[in-house]
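Below you'll find the structure, written out as structure tokens, and then a few comments.
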Amino acid sequence: MPVFLPHNPHTPQSIPLKPLFNHTTIVAIDVSNIKLGETETGTLCAVRGAIVWKEKSRYKYLRLGPFPFHVTEENKREIYHLLKQYYLDTSKEANTPSLVHMQARISNLLERWIQTIICSSSQNTIILWDGSLTAGTVDSPINMMSQLLETARTRHNTVLAFSKMTRLRLLGHRLTDLVGKCPPPCILEIEGFHVPSGPVRFLGNIYVAKLTEGHCSFRLDIDRRVPRERGLEAIQRLLGNDLILQSYPETLRLAHIYSTFTANEVIGIQRFIAQQCGLKIVTRPNIRRILFGPFGKGPEG
Amino acid sequence: MRLYRKEGNTVQILSFPEEEVEKGDYLLVEEPKANKGLITQVIDVQFANVPGILEELLRDSTDDEHVYGENLDPLEVASHVTYIQDARVLIGKIRGTIEEGRLSVNTSWLPSRSQSIVKRLPTASLLTLAKISEDLPLHLGETKESSPLTIDARALDGKLNIVTGKKETGKSHLSKLLVLGLIDHGALVVVLDLNGEYINLGYSSKGERSEYQGKIRVLTPGANLKVTLAQMNLQVMLSILIHALSLPGTSAREFRRIWRFLDERCALTLRELGEAIRSWKCNQHVRDALFSRYYTLLNSGFFTDNPAEATTLEEEFQKIRGGGTLVINLQDVSSVDRQVVVEYTLGKLVELLTQWKIRAAFLFAEEAHLYLRETYWDDIVTRMRHFGVFTTFVTNQPDTIRENIYRQADNIFLFNFTNEHDLETVSRAAKVDAETVKSIARDLPPHHCLLLGKAVKDFPVVVRVRALDVQTMGQTRLFFAKN
């Protein structure tokens with residue numbers, strides 16, 4: 001547990017929380033992607049999204065997909081721009097990602113599209129995202145992210161983004177290690193972060209959430225434009241309306257579970273592709289294995 | 001279907017939901033290039049160990065009350081995932097090889113995993129390949145593919161057979177079918193009928209006289225089955241006294257003297273025997289022992305001094321010499337009297353066979369442990385077999401038949417068993433591996449039987465036993481009768 005001096009401008013402030021039981025719908029969104037294999041001309045991947053609603057005592061889910069893609073050097077531009085145009089309603093031409101990044105980018109586009117749909121169709125709900133509210137990266141342009149959050153705000157929704165992993169550190173310490181002695185449920189408000197130079201922007205206030213007893217704590221981003229009190233109230237309403245296990249909301253956990261691909265599904269999708277498209281998956285030799293034998297760890301290729 | 005693994009004489013075959021394969025079915029793992037095929041029999045059907053299945057089932061196992069939802073799957077990929085989920089692994093035992101159209105027992109070769117084609121081998125084709133002749137056809141029923149299954153009656157000739165299975169699975173029904181099938185080919189059959197199930201075999205299910213009417217002779221001890229002492233052989237009588245009535249050795253020796261004394265004077269009657277015991281100079285304890293046995297014999301009603309009342313098995317066999325059955329009706333006969341009758345019947349049977357008065361006889365013994373003494377089992381299996389007594393044991397308690405009998409059995413007609421102990425006992429049969437017996441017998445539906453042994457050339461076959469138009473009388477009497 002790091003120790004901070006009393007007047008250190010970076011001293012995190014612990015905020016105790018009390019569950020608020022007034023009825024609020026919780027919605028969580030998650031998207032998964034998986035590589036299915038390689039063909040002679042490209043890669044095969046699949047994406048799937050899941051939306052989970054917590055209403056009263058029941059969870060309702062909607063799974064979208066799986067959507068398999070065969071991405072090649074020839075079709076990657078067409079796929080990317082079509083999806084971008086359809087999902088984000090933008091005809092603005094952008095650089096097409098490289099083949100190896102296409103899987104993540106397709107997945108990201110689907111996620112943003114689902115987030116847009118939910119933000120614009122829900123009202124007075126708490127929307128849980130998997131990840132952070134960091135914008136300015138290739139897959140999260142500032143304009144698009146700001147617009148998304150604004151759509152949510154105008155319909156009185158609050159977006160809470162939970163990150164399981166964060167690279168952010170405060171005085172050399174990982175953010176999620178800072179919450180050690182606070183009695184849960186509580187959040188640590190982290191202020192004074194150095195705003196990074198370059199295109200990256202934090203669109204949310206950053207907290208460390210420790211919502212239950214246990215070892216887990218998470219980085220929590222709340223829309224910066226939402227008044228602080230309303231943001232804190234949203235967490236308290238989450239506590240009062242959702243099941244929280246290991247500091248993580250059950251709705252978001254279910255969204256993750258429903259979107260994730262199992263090994264069996266991968267085989268099933270491979271079979272679908274082989275049958276519908278006649279594509280043959282090629283098994284490339286693992287060069288690392290060939291060269292280093294049992295010491296050849298790491299990604300194949 | 002694809003060949004997945006082979007280990008010893010066990011193969012694993014990957015099968016998909018639309019390929020309907022059940023336990024007991026035969027598959028041919030064919031390698032066209034080598035012009036060879038491996039004959040395997042499915043003994044178990046398991047789910048394929050598909051990775052990730054547990055996660056998927058856990059995810060889908062939520063009840064609608066707490067978690068519900070829907071899937072938007074426009075490409076209908078889910079059906080492919082379900083298909084993989086339902087993939088099965090067929091565990092099969094290698095039974096032989098087809099090499100250039102001929103059957104051989106060589107199972108030492110390994111078919112190609114990538115090139116071999118797995119297809120179903122209909123039982124009828126297998127039996128044709130195995131050259132199961134039908135010189136003397138005995139139609140047992142139908143195979144799973146609804147083709148008739150007929151064995152050769154010769155497969156029962158000179159053989160030891162066991163019909164076993166739990167209650168109400170159709171054992172007695174099959175044994176009646178075998179009895180009638182043997183009669184059709186002119187065989188002489190003796191049935192030790194414990195429950196009076198065979199006494200109406202001469203009647204159709206509607207109660208009308210059937211074609212077997214004159215061929216089924218029911219002999220009820222004390223009624224139309226009585227014998228005089230003069231008909232008896234001393235050895236048979238001593239067997240009755242020692243084994244059925246537990247006469248001690250000293251008393252048996254005195255009895256032998258009395259018997260010889262009466263025999264020399266041609267006075268072998270019950271009356272004379274009683275008088276002789278009374279006046280015989282011997283120890284009082286011996287006299288008492290002999291008297292108690294004498295009265296047991298007297299009260300059994302099985303013995304008579306009136307030659308006109310007496311039955312001779314020789315004459316009875318004469319009446320059915322063109323083929324028929326002597327049903328020894330042991331229903332309502334006390335346990336001791338039952339043993340007396342069986343000792344007499346078997347002793348007389350051996351006597352007739354030894355004297356070549358009959359050529360051979362098929363003996364059907366239902367629940368033999370209830371009337372057959374310990375030492376007779378080996379006798380029947382070894383010695384009496386050489387005389388021409390070919391036994392079929394019918395039982396629902398497989399552990400009452402000793403292991404060595406199972407090992408020597410030529411044919412086993414196995415019905416359903418669920419009890420582990422029973423399965424373990426039956427699996428000791430030498431005709432097939434224990435796994436096959438345990439796995440297939442456990443799931444046999446009623447009236448389905450697994451045939452093991454020479455009748456099917458050691459290719460275990462499942463058969464649905466055909467119905468018989470005879471009064472089987474095997475049904476249990478119920479208190480709450482249905483209208």
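Residues A:Thr41, A:Thr260, A:Thr283, arranged from fewest to most other Cβ atoms within 10 angstrom of their Cβ, appear as A:Thr283, A:Thr41, A:Thr260. Absence of a disulfide-compatible partner, taken as no other cysteine beta carbon within less than 4.7 angstrom, is noted in chain A for A:Cys45, A:Cys119, A:Cys216, A:Cys277. Rounded to the nearest 20 debye, the dipole size of chain B about its Cα centre is 2380 debye, using +1 on the Cβ of Lys and Arg and -1 on the Cβ of Asp and Glu. Summarising the label geometry, the points placed 7 Å from Cα in the beta-carbon direction at B:Glu65 and A:His81 lie 5.5 nm from one another.
Mean separation of Cα pairs under 8 Å and 6 or more residues apart, divided by the residue count, gives chain B a relative contact order of 20 percent. Taking label points 7 Å from Cα along the Cα-to-Cβ direction, A:Ala274 and B:Glu435 give a separation of 2.6 nm. If you take the Cα centroid of segment A:261-291 and the Cα centroid of segment B:122-143, the two points sit 46 Å apart. When segment B:2-121 is described by a simple charge dipole with +1 on each Lys and Arg Cβ and -1 on each Asp and Glu Cβ, the residue from B:Ala48, B:Thr97, B:Leu72 located farthest towards its positive end is B:Thr97.
Each stretch of four or more DSSP H residues adds -39500 (n - 2.57); spread over every residue of chain B, this sum gives -8500 deg cm²/dmol at 222 nm.
Helix A:76-88 axis versus longest C-alpha principal axis of chain A: approximately 40°, rounded to the nearest ten. In chain B, the DSSP beta bridges split such that about 65 percent are antiparallel, to the nearest 5. A straight chain from B:Arg278 to B:Asn224 at 0.36 nm per residue would run longer than the Cα-Cα distance by 16.4 nm. In terms of distances greater than 32 angstrom between alpha carbons, the cross-link table entries B:Lys176/B:Lys457; B:Lys166/B:Lys431; B:Lys171/B:Lys206; B:Lys33/B:Lys438; B:Lys93/B:Lys167 yield B:Lys33/B:Lys438. With helices as the sole contributors, chain A gives -10000 deg cm²/dmol at 222 nm; each DSSP H run of n ≥ 4 counts as -39500 (n - 2.57), and the sum is divided by every residue. Here the label points at B:Asp288 and B:Leu58, each 7 Å from Cα along the C-beta direction, are separated by 7.8 nm in the simple model. Once R0 is set to 45 Å, what does the formula 1/(1 + (r/R0)^6) return for the Cβ-Cβ distance between B:Glu99 and A:Ala263, expressed as a FRET efficiency to the nearest 0.05? According to the calculation, E is roughly 0.65. Per residue of peptide A:46-59, the mean number of Cβ atoms on other chains within 10 Å of the residue Cβ is 2. In terms of its C-alpha gyration tensor, segment B:285-426 has an oblate overall shape, because the principal axis ratio a/c (a ≥ b ≥ c, square roots of the eigenvalues) is not below 1.5 and a/b does not outweigh b/c. Here segment B:2-121 is assigned +1 on the Cβ of each Lys and Arg and -1 on the Cβ of each Asp and Glu. Its dipole about the Cα centre then comes out at about 1280 debye. Phi angles of segment B:250-255 translate, via the Karplus equation with coefficients 6.51, -1.76, 1.60 and θ = phi - 60°, into HN-Hα couplings of 4, 5, 5, 5, 5, 4 Hz per residue; Gly and Pro are given as x.
In segment B:229-300, with Lys and Arg counted as +1 and Asp and Glu as -1 at Cβ, which of these residues, B:Ala252, B:Gln231, B:Leu268, has the Cα nearest the positive end of the dipole, that is, farthest along it? The listed residue farthest towards the positive side: B:Ala252.
Among residues other than B:Arg113 with Cβ under 12 Å from its Cβ, the summed charge is +2 (Lys and Arg +1, Asp and Glu -1). Rounded to the nearest 10 degrees, the angle from helix B:270-279 to the longest Cα principal axis of chain B is 60 degrees. For A:Val52, B:Val461, B:Val21, the sequence from fewest to most other C-beta atoms within 10 Å is B:Val21, B:Val461, A:Val52. For segment B:229-300, just say rounded, prolate or oblate: build the C-alpha gyration tensor, square-root its eigenvalues into a ≥ b ≥ c, call rounded for a/c under 1.5, and beyond that prolate if a/b exceeds b/c, oblate if not. Note, shape of segment B:229-300 comes out rounded. Highest mean packing first, where packing is the average number of other Cβ atoms within 10 Å per residue, the peptides B:277-286, A:67-76 line up as A:67-76, B:277-286. Counted residue by residue at 0.36 nm each, then reduced by the alpha carbon distance between them, the extension gain from B:His185 to B:Leu14 reaches 57.0 nm. Ranking B:Tyr371, B:Thr392, B:Ile405 by Cα position along the charge dipole of segment B:319-443, where only Lys, Arg, Asp and Glu carry charges on their C-beta atoms, puts B:Thr392 farthest toward the positive end.
Net charge in the neighbourhood of B:Tyr198 (other residues with Cβ under 14 Å of its Cβ; Lys, Arg +1, Asp, Glu -1) is 0. Evaluated with a Cβ-only charge set (Lys, Arg +1; Asp, Glu -1), segment B:229-300 carries a dipole of roughly 140 debye about its Cα centre, given to the nearest 20. Counted over the protein assembly as shown, the DSSP beta bridges are approximately 70% antiparallel.
Would you mind giving the mean number of other chain beta-carbons within 10 Å of the Cβ of each residue in A:248-259, as a whole number? It would help to have the intermediate numbers written out before the result.
Working: counts 0, 0, 1, 0, 0, 0, 4, 0, 0, 5, 5, 0.
Whole-number average of other-chain Cβ neighbours for A:248-259 is 1.
Note on B:43-53: average number of Cβ atoms from other chains within 10 Å of each residue's Cβ is 2.
Here r is the Cβ-Cβ distance between B:Ala267 and B:Gln46 and R0 is 60 Å; the resulting FRET efficiency, rounded to 0.05, is 0.25. Angle of helix B:335-354 to the longest C-alpha principal axis of chain B, folded into 0 to 90 degrees and rounded to 10: 90°.
Calculated FRET efficiency, A:Gln147 to A:Val200, Cβ-Cβ distance, R0 = 22 Å: about 0.80 to the nearest 0.05. Judged by the gyration tensor of its Cα atoms, with axes a ≥ b ≥ c, segment B:61-201 is oblate; a/c meets the 1.5 cut and b/c is at least as large as a/b. Let me have the relative contact order for chain A, percent, based on Cα pairs under 8 Å that are six or more residues apart. Computed value for chain A: 25 percent relative contact order.
Values quoted throughout were computed directly from the atomic coordinates according to the rules given, and no laboratory measurement underlies them. Keep in mind the model is a prediction, meaning the values are calculated, not measured. Ideal geometry is used to build each Cβ from the backbone, glycine not excepted, and the neighbour counts take in all protein chains shown.
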